[in-house]
Amino acid sequence: MPPEIWVPIRLTIELAAITTLTLLIVATPLAWWLARSRAAWKEAVAAIVSLPMVLPPTVLGFYLLILLGPDGPGGAIASLWGARTLAFTFTGLVIGSIVSSMPFVVQPIRNAFAAIGDRPLEVAATLRASPRRAFWTVAFPLASPGLLTGAVLGFAHTVGEFGVILMIGGNIPGRTRVMSTAIFDFVETMRWREANMLAGGMVVFAFAVILSMILLEKRFARAGA
Amino acid sequence: MSDGETIRVDFKSVLGKFSLQANFAAPARGVTALFGPSGCGKTTVLRCIAGLTRVEDGLCIVAGDVWQDPGGAFLPTHKRPLGYVFQEASLFAHLSVRRNLMFGAPRGKARTRKGKIAFDEVVELLGVTALLDRAPGKLSGGERQRVAIGRALLSQPKLLLMDEPLSALDRATKDEILPFLERLRDRLSLPIIYITHSIAEVERLADQIVLIEKGRVIGAGPLEELQSDPSLPLAVARDAAVTLDGVIAAHDSGYGLLTLTIRGGSLIVPAPPAAVGGRRRIRVIAGDVSLAREKPGLSSILNVLPARIVSAKPVGDQELVAVLTLGADETGARLLSRLTRKSWEALGFTEGMSVYAQVKAVALAPGRGELE
């Protein structure tokens, strides 16, 4: 396989893996708070987190570009290691993907925590479990189907993201050219065969993701009954 | 009662429709029933004791340990040595029965402490040995509730709180679990606070009772005392009864009759053979007790007990309920008798009068005293 094909594939998998792992760490406590807090303003936070679901990727990409650029906070962070900007870098892509995939991870995890209800945690408390132990031994395992769904959706959405990536990544080969932008590039340059290889791979990938989600859900539903 | 062996509770709060004013003290032993109609605030009281619901103005002292006081002290639930059995078993769906049972069991150093409730004992007591490796989803309602009780016990509580543990179960399952609760009460010296709206469960299990109505405590004390207090709703209810704890004095195997010694007298009760010296709780329904001024001659009624009328209270226009004390002095057990005003007046009964209380033995047979 020529590097033009496998380098974008490798970058895409790296990007999606790093994004998904980071999101699980960030989104789980956020989803827990959204599911359990009684704060009146929590839905405002939920709405902000969900914005990327409805915003056009170009709008999201535009603001991310400003934030990551030399004059934004991204530029300040980049200056720590002597760079000028986070835009058009792999790090920038990770940050952008985290923002744009966040709602797809937070929502199923929040729903899973909410579905557990108060009772199992109350039971755990009456059995001497501290809130921390109750979270790890009761809430976390009971919500694990939701966590898995969130991880799969976050991974898949990151792989499929195009607009935001193009806006903040610049489609630089070997650095920010991922599968979705590579397909665009092949099409622009009339290289149908290469475009077909990547696009066909994506179709197979999407099919596998959806099928495995359905099968997992069925299995969890059976185990819970 | 010293503080070391008392449960003292005082919660004040506004709860939707009514205000909660739950103030009572109960001995930290035996079964204390919180009894009242649905929606009267019983569950809230229990949740306050557990610390699951927090009211600001609350006091809760259990056997000398302060769990909450109005000064702001509040021990979080997971630091209170209690067991809680919810109305629905609420087993952890992701854990096997065994791991559910062991969830709250002390770990590490505390595990070897003496005087604890042993795993094998609980499993045997509750009859769940065969279920240990199953998933909670594969259990029946009664099995689940038994596991929930075992799980609470194995956390080595100093106080067991039970919120209508039978109410979500059908009749057959209730009958399956009640004997376990009775064994629990008799074998483990663990104080239990037991919520119910079923007087039958109270009569079968409780030693003390706290009557709750619209968030307020309207009476608290030993079961016998409150059952025979005509100022409380129990004694004037249509199905009023007293429960008496008796000791088996003899068994007549020819006729299948037990003689039970109670305070101030004895009762003859049809029952399967049982060891002399054992304890037996029976329920005497007010409507099954009749009164005579003189000792009846030839009669089929086996139980004729000398008694004295302590007080009488009219119930409606036609009937009244008399409180009796058995034997000659004031220390005898209390009985209730419900009779028509016509009989009361025709025979010239008055308070303080010595009479004979009569109870047909068949009215005390097993089945009449059990759960409806």
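Coordinate-derived values only; no laboratory data. Computed from a predicted model, the values in this text were never measured in an experiment. Here the Cβ positions follow ideal geometry from the backbone for every residue, glycine too, while neighbour counts run over all protein chains shown.
Kindly identify the protein assembly as shown as rounded, prolate or oblate by the Cα gyration tensor criterion: order the square roots of the eigenvalues as a ≥ b ≥ c, call it rounded if a/c is under 1.5, otherwise compare a/b with b/c, prolate if a/b is larger, else oblate. In terms of gyration-tensor shape, prolate.
Measuring between alpha carbons in the structure, the pairs from B:Lys313/B:Lys360; B:Lys42/B:Lys214; B:Lys42/B:Lys79; B:Lys79/B:Lys158; B:Lys12/B:Lys42 lying more than 19 angstrom apart are B:Lys313/B:Lys360; B:Lys42/B:Lys79. Ordered by the count of other Cβ atoms within 10 Å of each Cβ, fewest first, A:Thr189, A:Thr89 give A:Thr189, A:Thr89. The packing ranking, built from the mean of other Cβ atoms within 10 Å per residue, places the peptides A:93-100, A:181-188 in the order A:93-100, A:181-188, highest first. The separation of region B:229-260 from region A:155-225, counted between C-alpha centres, amounts to 78 Å. Counting neighbouring beta carbons within 10 Å and listing from fewest to most, the residues A:Phe88, A:Phe155, A:Phe207 come out as A:Phe207, A:Phe88, A:Phe155. Largest GNM mean-square fluctuation across B:Lys360, B:Lys138, B:Lys42, computed for chain B with C-alpha springs under 10 Å, falls on B:Lys138. Packing, as the average of other Cβ atoms within 10 Å across residues, places the peptides B:352-358, B:302-308 in the order B:302-308, B:352-358, highest first. For region A:3-224, relative contact order (Cα pairs under 8 Å, six or more residues apart, normalised by length) works out to 29 percent.
Take each residue of peptide B:145-155, count the partner chain Cβ atoms within 10 Å of its Cβ, and average: the result is 1. Per-residue shielding of B:94-103, expressed as the average number of other chain Cβ atoms within 10 Å of the residue Cβ, stands at 3. Relative to the dominant Cα principal axis of chain B, helix B:171-187 is inclined by about 90°.
In chain B, the longest principal axis of the Cα atoms and the axis of helix B:141-154 are about 70 degrees apart. Per-residue ellipticity at 222 nm, computed for the protein assembly as shown from helices alone with -39500 (n - 2.57) per DSSP H run of at least four residues, works out to -13000 deg cm²/dmol. Given axes a ≥ b ≥ c from the Cα gyration tensor, I'd like to know whether region B:139-298 is rounded (a/c under 1.5), prolate (a/b larger than b/c) or oblate. Taking the square roots of the gyration eigenvalues as a ≥ b ≥ c, region B:139-298 is oblate.
With the convex hull drawn around the C-alpha atoms of region B:241-364, the volume per residue stands at 99 Å³.
Taking every C-alpha pair closer than 8 Å and separated by at least 6 residues, the mean separation divided by the residue count of region B:3-227 gives a relative contact order of 32 percent.
Other protein chain C-beta atoms within 10 Å of residue C-beta, averaged over A:142-148: 1. Over chain B, all Cα pairs binned in 10 Å intervals from 0 give whole-percent P(r) values of 5, 21, 28, 24, 14, 6, 1, 0, listed from short to long. Checking the a/c ratio against 1.5 first, then a/b against b/c, what shape does the Cα gyration tensor give for chain A? Note, shape of chain A comes out oblate. Shown for chain A are the DSSP H helices of 20 Å or more along their axis, judged by Cα atoms, with a mean Kyte-Doolittle hydropathy of at least -0.5: A:3-36, A:90-116, A:144-160, A:192-224. Which residue fluctuates the most in chain A, going by a Gaussian network model with Cα springs under 10 Å, if the choices are A:Met179, A:Met102, A:Met213? It is A:Met213. Across A:Asn171, A:Asn196, A:Asn111, mean-square fluctuation computed from a Gaussian network of chain A (C-alpha pairs under 10 Å connected) peaks at A:Asn196.
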